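Working notes, structure below.
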Amino acid sequence: MYRDRLNFEFTYYNSFTTDALLNVSVPPSTGFSGNRLENLGEISNSGFEILATFIPLDTRNLQFINTLSFSTNKNELVSFGDGRDSQIFGIYAPVQRYEEGKPLGAFWSRRAVVDANDNLVLEDPEYRGPSLPTREIRYSAEFNFLENWRLFALLDYAGGHYQFNVKDWRRDRAGLSWEVVNPDADPNEVRSRMNATQTYYSVQQADFIKLRDLSLSYRLPGRWVNQVGVSNATLSLTGHNLAVLWTKYGGQDPEVNFHGDADFSRVDSWTAPPMRRISASINVNF
Amino acid sequence: MRMNKKITQIKPSKMMTKRTPFMAVLFFMIVALSCDSLLEVENPGAIEEQELSNPNLETLIINGVIGEFQYTYSYSALYTGAFSDELQGRHTFVQNHPLFLRTIDQSNVYVNNVYSFWQRSRASADDAIDRLVELKGNEEAEASLNMVIARAYAGYSYIMLGETFCAAPVSVSRAYSSDELMEFAVERFTDAIAAAGRATAAGADAAEVERYRNLAQVGLARAHLNLGNMTEAATAASAVPADFTFMNRHSDNSARQYNPYFDATTGANNRYITPGVDFTNTGDVRIPHTEERVTSLVSGIMLYIPYQPSQFSGWTPADSVEFERNTSVVLASGLEARYIEAEANGAVASTLTFVNERRDVGGQLPGVFAGDALMEELRVQRSRDFFMSGRRLGDIRRYKALYGEDYFLTGTDPYYNEPYGTVECFPIPQSEINSNPNL
């Protein structure tokens, strides 16, 4: 559209998977223990993806390219296929489940509340939300200016999902977190947070916006490099995983996972976040 | 003509050269698709299923039964002791917290471990019983020492499941109550004792058969006592010689063979268990501990640390001996048989005599007890004689179920400064709930 200044792509998907491989427990009463992958579930995934490119400026000395993508995913375990009950798992607390009608590996949590008799009562587990993002937005801006310069930035947003913040869960319980030692804190909330079995405060929304990439490049003029047999050369300074600009999550980084992704288990337990990386490079073509 | 002929000869050759990689790939794919074994992986260290029916591996199978049991018994003793009033303490690991405070649920890692290990021990022993019949035929198997061993260890595995767990399934069954699990144990021990008689008649090593028969006799008495079958318990116990001792062995050979009390009681910044309040500063030589509180795993928490109590291999009444990795523990004994007889017989003269004998061992003067006070003193003496040896949780559950005597700790735990919960037995873990359709 508008001489290629504005482009749109739209994709809708609705897929249904049978015999999905799910990681389920072996009954220890057989004498064996651990987990095994079984062809069990019927799973649906639906959503859409939009990609838009907009070039508001395109002159000899300045080009400004905007790219925005937005995608959604609704994941659901439709059926186990064999009538089994929910599969509850979690290496620190039973906060995740495979449950029919809910996303795979979704989060549940339990709240401890102080009742009228001043007793701390543990409520039944309640559904919180999925463990994987249900919506993602990526926005990149590219400036090409003064013929040889390029500035590029990439912002990432992911949201709609939850993370189990084990570090804060344990700091609460040990009486170390600010939420517990704050003299103005609600004493009932402090009692609740320090309860060993509650997970309500630690299963947290994990929405975030990150400055994923920022780079500045300069392409050396041809007249300089051609003299030494080089067709072109570019100097770049690049930063990756530069900052969490905004997050609902209480931990260091909402993207970490102590336990790997193989079985949808998501745990933040003093896990090192993705490294911030800053690099300088020279790209030479002959 | 000659030229043309030459070209015709060359052309196919060039075509073949071009097609060779394609043909090779095609050939490889055909071979791969027609050959299932391409993805098979050999593990030279594994004993395959069919090998378990190899008569030459009979000893290995039985040693496997013993190995599973020995490892599990002491692991279970540590964590059930921490759950009962026997041990207190504090640990940095989150999963120890509900164990010490009796607030464990189905998600606790120790509940899962103790359960899985006991189920594996039970299944190994039950499986060995079937395999012995398969290997030797019913008649020979039923008259063999190994059958006595397998049944005795199976019986003890059921006892430990029943004493530890509120209920437990067997091979993906419904959940059996503790009493039903004790009945299974009675069955295994009764069969073991019968097999011992046949094994002796068949010429098996008489001393070894007798050792395992006595192990089964004590087990049978213990299971009957838990069921409240006092006559049967006393009868089974009376058949055990007073000097009988059967050890659960540990060694330095591998981590799996270490006594887990070593790590829990040694190292200035590692030890984390302390004798429960009723087992501290008693002056009783059977339950020694450090003279002063010492540093522990958790900064600022000072604890009395237990030395080897009287049921452990390094214990002497004169010296305090720290736990070693190879410290073994008594699994069954004539002493335990006498305790079972005394509890089953009740507050009679022989029980008072026995209680005063045990007080003497502990460095206490004889007492004059009668009725409930005598039975209470019997329970105190038993708790000291078998301190940390894997019996306490079963004992205090039995005292509450049969006599209404409650020894579970209440109030506030001094090391966590939090109130005790109300859980009195280990629940079935989540891993079984997830996967057993009969629960």
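No value in this document is a laboratory result; all are computed from the given coordinates. The structure displayed is predicted, hence computed values, not measured ones. Cβ sites come from the backbone with ideal geometry, for glycine too, and all protein chains shown count toward neighbours.
For segment A:94-237, rounded, prolate or oblate, judged on the Cα gyration tensor with a ≥ b ≥ c (square roots of eigenvalues), a/c < 1.5 rounded, else prolate if a/b > b/c? Verdict is prolate for segment A:94-237. Using C-alpha pairs under 8 Å with a sequence gap of at least 6, the mean separation divided by the residue count of segment A:6-285 gives a relative contact order of 14 percent.
The distance from the alpha carbon centre of segment A:147-206 to that of segment B:41-111 is 35 Å, rounded to a whole number. Computed from the C-beta positions of B:Ala268 and A:Leu176, the FRET efficiency with R₀ = 22 Å rounds to 0.40.
Once the Cα-Cα distance is subtracted from the 0.36 nm per residue extended length, the B:Leu60 to B:Val368 segment shows a gain of 105.7 nm.
Simple spin-label estimate for B:Gln257 and B:Thr422 gives 4.7 nm between the two label positions (7 Å along the Cα-to-Cβ direction from each Cα). Evaluating 6.51 cos²θ - 1.76 cosθ + 1.60 at θ = phi - 60° for every residue in segment B:167-175, the Karplus couplings come out as 6, 7, x, 10, 6, 6, 8, 5, 7 Hz, glycine and proline recorded as x. Under a 5 Å amide H cut-off, with hydrogens placed 1.01 Å from N, B:Phe165 pairs with B:Phe426 among residues at least 5 apart or on other chains. Comparing mean-square fluctuations of A:Arg150, A:Arg97, A:Arg110 from a GNM of chain A with C-alpha springs under 10 Å, the top value falls on A:Arg150. Could you work out how far helix B:334-345 tilts from the main Cα principal axis of chain B, as a 0 to 90 degree angle to the nearest 10? Roughly 60 degrees between the two axes. Once the Cα atoms are used to define both axes, helix B:371-385 deviates from the longest principal axis of chain B by about 40 degrees. Summary of the geometry: segment B:170-214 and segment A:1-69, compared by the centres of their Cα atoms, lie 59 Å apart. Once the C-beta distance of A:Thr53 and A:Leu245 is scaled by a Förster radius of 30 Å, the resulting FRET efficiency is 0.85 to the nearest 0.05. Ranked by how many other Cβ atoms sit within 10 Å of their own Cβ, fewest first, the residues A:Trp149, B:Trp315, A:Trp169, A:Trp178 fall in the order A:Trp178, A:Trp149, B:Trp315, A:Trp169.
Highest GNM mean-square fluctuation among B:Ser84, B:Ser121, B:Ser107, for chain B modelled with Cα contacts below 10 Å: B:Ser107. Across B:Asn43, B:Asn54, B:Asn259, mean-square fluctuation computed from a Gaussian network of chain B (C-alpha pairs under 10 Å connected) peaks at B:Asn43.
If you wrap the tightest convex hull around every Cα atom of the protein assembly as shown and split its volume per residue, you get 290 Å³. With a/c under 1.5 counting as rounded, go ahead and sort segment A:6-285 into rounded, prolate or oblate using the C-alpha gyration tensor (a ≥ b ≥ c being the square roots of the eigenvalues; past the cut-off, prolate if a/b is larger than b/c, else oblate). Prolate shape, in that a/c is at least 1.5 and a/b is the bigger ratio. The distance between label points at A:Asp118 and A:Thr271 comes to 4.1 nm (points 7 Å beyond Cα on the Cα→Cβ vector).
In chain A, the calculated helix contribution to ellipticity at 222 nm averages -2000 deg cm²/dmol per residue, counting -39,500 (n - 2.57) for every DSSP H run with n ≥ 4. Can you grab the distance from the C-alpha centre of segment B:143-159 to the C-alpha centre of segment B:283-301, Å, no decimals? Result: 38 Å between the Cα centres.
Note on chain B: Cα-only Rg and Dmax are 28.9, 130 Å.
Relative to the dominant Cα principal axis of chain B, helix B:349-361 is inclined by about 70°. Which of the three applies to segment B:375-416, rounded, prolate or oblate, going by the alpha-carbon gyration tensor with a ≥ b ≥ c and a/c under 1.5 meaning rounded? It is oblate, given that a/c is not under 1.5 and a/b is not larger than b/c. The fewest-to-most ranking of B:Thr200, A:Thr11 by surrounding Cβ atoms within 10 Å reads A:Thr11, B:Thr200. Over chain B, DSSP H runs of length four or greater, each weighted -39,500 (n - 2.57), average out per residue to a 222 nm ellipticity of -17000 deg cm²/dmol.
Under the criterion of Cα pairs below 8 Å and six or more residues apart, the relative contact order for chain B equals 20 percent.
Distance between the 7 Å Cα→Cβ label points at A:Asn14 and B:Thr410: 6.1 nm.
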